[in-house]
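The values are calculated or read from the model by the stated rules, or taken from the named source; none is laboratory data. Since we're looking at a predicted model, the values are computed, not measured. FYI the Cβ positions are ideal-geometry reconstructions off the backbone, even for glycines, and counts take in every protein chain you see. Side chains are part of the model used for accessible areas, which takes the heavy atoms of the whole protein and leaves out ligands, DNA and RNA. Shrake-Rupley method; radii C 1.70, N 1.55, O 1.52, S 1.80 Å.
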Amino acid sequence: MTDICCIGHITRDRIVTPQFSTELYGGTSFYFSYALSRFPDVDYRLLTMLAHDDMTAVADMRAAGISVDVIESEHTVFFENKYGDNMNNRKQRVLAKSNPFTERDLSNVSARFVHLGSLLADDFSTDIIRYFAGRDCVLSVDAQGFLRYVSGESVLPCDWTDKRQALQYVDILKVNEHEIESLTGFADCDRAAQVLAQWGVKEILITLGSYGSRIYRDGAKHEIRAFRPQAIVDATGCGDTYMAGYLYMRSLGKPIPQCARFAAAIAALKIAKSGPFCGSISDVLTLMNSETNL
């Protein structure tokens, strides 16, 4: 049994900011995996899906020491992420979609923590979430993909159709302030977190960009300030990097505030550069011990 397994599509990403434009591989599973590859003491595996022509991405990940199981699909998910001066906001287009994951794809998944890196509403069915409820694991879910679908090339918001049925099986849910309001109807984070807890979610992580993050569990709230980045270059993958840092520390049995501060620090280091996190645990710990909180 591995410590952590992420399941999600690798994407082709076109990143457009006021400073530059580039194309690279990405997606929740991509940024999550590269971040975890930088840390010791964790046995990690990725289950992903992409087209044959993009298998170079898998080869590169394996060369970086990441264990990857890959399912071939007709297409690779292709996102365009366009940012303005405010990196907390982005506009997206989807130029191609991959196949959804099925229960048959999961037969070899065995991990203490399983993270579903959803990108679009049909990536994971409720049956898959229910499937992991019967396994000996902590199920972590990124809500973003369940709340958006593709119409033409446009990424449009939607409700999570089976949210009440699905969320009762989720141990850790990651949302931002917009996603949690969409899920619950409440803009107030405290009230929204109470609703999610009533629906069965055990641990709720709300990422608030430069305003930090909040974690709710067992009736307690932990407020974590963001760290000041050296530069604001590319926010793509910051939430995924945050989640990788958080689950890494959780897998080591660390207290929730320590897990969240570690996650906030790695996210601040990630936003200063384009592409996945390429630093070290020493870099993260150095920032955590600094006085550069926002």
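Overview of values
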item	result
Accessible area of the range 3-70 belonging to carbon and sulfur atoms, whole % at 1.4 Å probe	42 percent
Extended-chain gain in nm, criterion 0.36 nm per residue less alpha-carbon gap, residue 41 and residue 102	18.9 nm
For residue 51, residues with placed amide H under 5 Å, excluding near neighbours	73, 76
For residue 148, distant residues with modelled amide H under 5 Å away	121, 158
Value at 222 nm in deg cm²/dmol, rounded to 500, when DSSP H runs of n ≥ 4 in the chain each add -39,500 (n - 2.57)	-8500 deg cm²/dmol
With every protein chain in place, the range 231-294: carbon and sulfur % of accessible area (1.4 Å)	60 percent
Distance (nanometres) between label positions extended 7 Å along Cα→Cβ at residue 56 and residue 285	3.7 nm
Solvent-accessible area of residue 207 with every protein chain in place, 1.4 Å probe, in Å² to the nearest 10	20 Å²
Contour excess over end-to-end distance, with Cα ends at residue 252 and residue 208 and 0.36 nm allotted per residue	13.4 nm
Rough spin-label spacing in nm, given labels placed 7 Å along Cα→Cβ, for residue 93 and residue 16	0.6 nm
Antiparallel DSSP beta bridges within the range 24-168, percent to nearest 5	50 percent
79, 186, reordered so the largest accessible area comes first (probe 1.4 Å)	186, 79
Accessible area expressed per residue, the chain, with surrounding protein chains retained (probe 1.4 Å, Å²)	43 Å²
Extension gain (nm, one decimal) between residue 1 and residue 23, 0.36 nm per residue minus Cα-Cα	4.4 nm
Separation of the residue 82 and residue 64 label points, Cα + 7 Å toward Cβ, nm	2.7 nm
Förster radius 30 Å - calculated FRET efficiency between residue 112 and residue 218 (Cβ-Cβ, nearest 0.05)	0.90
Count of lysine pairs in the chain with Cα separation under 25 Å (8 or more residues apart, or interchain)	23
Inter-part distance where the range 33-75 and the range 178-234 are each reduced to a Cα centre, Å	29 Å
Residue of 112, 135, 104 that the Gaussian network model of the chain assigns the largest fluctuation, springs spanning Cα pairs under 10 Å	104
J(HN,Hα) series, the range 18-30, from Karplus relation 6.51 cos²θ - 1.76 cosθ + 1.60, nearest Hz, glycine and proline x	x, 9, 6, 9, 8, 10, 7, 7, x, x, 3, 5, 5
